[in-house]
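What follows is one structure encoded as structure tokens, with my remarks underneath.
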Amino acid sequence: MSVICLPSCVSAGKPTTGYTNGCGNKRAKGGIPRLLFLICDPDYVHPYPVAVGLSPWSDVRNITNAMCAGILNFTGPVLGSMPKQTFVKKKMSSCEPEEVVGGQKVINFQDYNVTDAIEEYDFWDWVNKNYAYMSFGWVTCDELLYMAEGSFAPEVGDVIEDTSDGSRYFEGSITIQTQEIIKPIKVEGILSALANFDPTAPCYS
């Protein structure tokens, strides 16, 4: 069957053709060192304006203020990864191939962070109980921020290895219900902002 030729039906915003044809193409880093949980707050206003077309999360000061306001919560450094997403397909025409009707992305992680007050248990219990009212995001080693829209579900539990040379840690996965490609936001300094955030310091805007 030939391709349907209806150029007016092609969505606007065509990307740059041959965007990788420059000299010295770069390669992206792997690694997901931080996970983020954003509490829904329709009345919250980002204090720092950004240029038209940019996300307010592209300014690291807005991220710091959201953390200070208590709506943006994050893990300590984790060992995280995202394998290829899976798709749900359905045959909807006898003459056409199956079409993608749904999909899932999964973030797998291990959290080795502990505190003297074992607050890591409180944190993950809080996530398990309240995730339905939050959004989920993650940060990569090259300071790309991914904010997932829509529903997600965590599966998190503690693991205790069999000797004292082993570790006690939390292992889990976050499943995101989407078939879309999530475009990240480049946020210079986000890893430093997360590492240096002091929850006991006064809030600032």
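The values are calculated or read from the model by the stated rules, or taken from the named source; none is laboratory data. None of these values were measured; they are calculated from a predicted model. We place every Cβ from the backbone using ideal geometry, glycine too, and count neighbours over all the protein chains shown.
Data table
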read-out: Members of the range 22-40 that are in contact (Cβ under 8 Å) with a residue 60 or more places away in the chain and on the phi < 0 side of the Ramachandran plot; value: Ala28, Lys29, Gly30, Ile32, Pro33, Arg34, Leu35, Leu36, Phe37, Leu38, Ile39, Cys40
read-out: Residue that is surrounded by the fewest Cβ atoms within 10 Å (Cβ to Cβ) [pool: residues in the range 83-96 that are under 18 Å from Lys183 (Cα atoms) and of a type in the set (S, T, N, Q)]; value: Thr86
read-out: Odd one out for Gln177 among (1) farther than 20 Å from Leu79 by Cβ; (2) touching a Lys or Arg at 6+ places or on another chain (Cβ under 9 Å); (3) buried (at least 16 other Cβ atoms within 10 Å of the Cβ); value: (3)
read-out: Count of the range 18-40 residues which are in contact with a Ser or Thr (Cβ under 9 Å, 6 or more places away or on another chain) and either loosely packed, with under 12 Cβ neighbours inside 10 Å or not aromatic (Phe, Trp, Tyr) (or both); value: 12
read-out: Total residues in the range 149-194, condition within 20 Å of Phe136 (Cα to Cα) and in a strand (DSSP E or B); value: 16
read-out: Filtered residues of the range 41-82 (kept if surrounded by fewer than 14 Cβ atoms within 10 Å (Cβ to Cβ), without any contact (Cβ under 8 Å) to a residue 12 or more places away in the chain and not aliphatic (A, V, I, L, M)); value: Pro42, Asp43, Pro49, Gly53
read-out: Per-region count, the range 106-158, residues farther than 15 Å from Cys40 by Cα and either more than 15 Å from the chain's Cα centre (by Cα) or of a type in the set (D, E, K, R) (or both); value: 23
read-out: Meets criteria (farther than 30 Å from Asp43 by Cβ and at pLDDT 90 or above) for Ser93; value: no
read-out: Some residue of the range 183-192 being under 17 Å from Ala66 (Cβ atoms), modelled with pLDDT of 95 or more and touching a Pro at 6+ places or on another chain (Cβ under 9 Å); value: yes
read-out: Close pairs (6 angstrom Cβ cut-off, 6 or more residues apart or separate chains): more than 15 Å from Gln104 (Cα to Cα) in the range 145-161, among the hydroxyl-bearing types (Ser, Thr, Tyr) and assigned to a strand (DSSP E or B) anywhere; value: Val159/Tyr169
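Every residue, every condition in (1) in contact with a Phe, Trp or Tyr (Cβ under 9 Å, 6 or more places away or on another chain); (2) farther than 21 Å from Phe170 by Cβ, yes or no:
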{"position": "Ala51", "(1), (2)": "no, yes"}
{"position": "Ile71", "(1), (2)": "yes, yes"}
{"position": "Pro77", "(1), (2)": "yes, no"}
{"position": "Asp111", "(1), (2)": "yes, no"}
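To keep it simple, each residue is scored yes or no on (1) over 16 Å from Thr64 (Cα atoms); (2) of a type in the set (D, E, K, R); (3) surrounded by 14 or more Cβ atoms within 10 Å (Cβ to Cβ); (4) touching an Asp or Glu at 6+ places or on another chain (Cβ under 8 Å).
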position	(1), (2), (3), (4)
Phe123	yes, no, yes, no
Asn128	yes, no, yes, no
Glu155	yes, yes, no, no
Gly166	yes, no, no, no
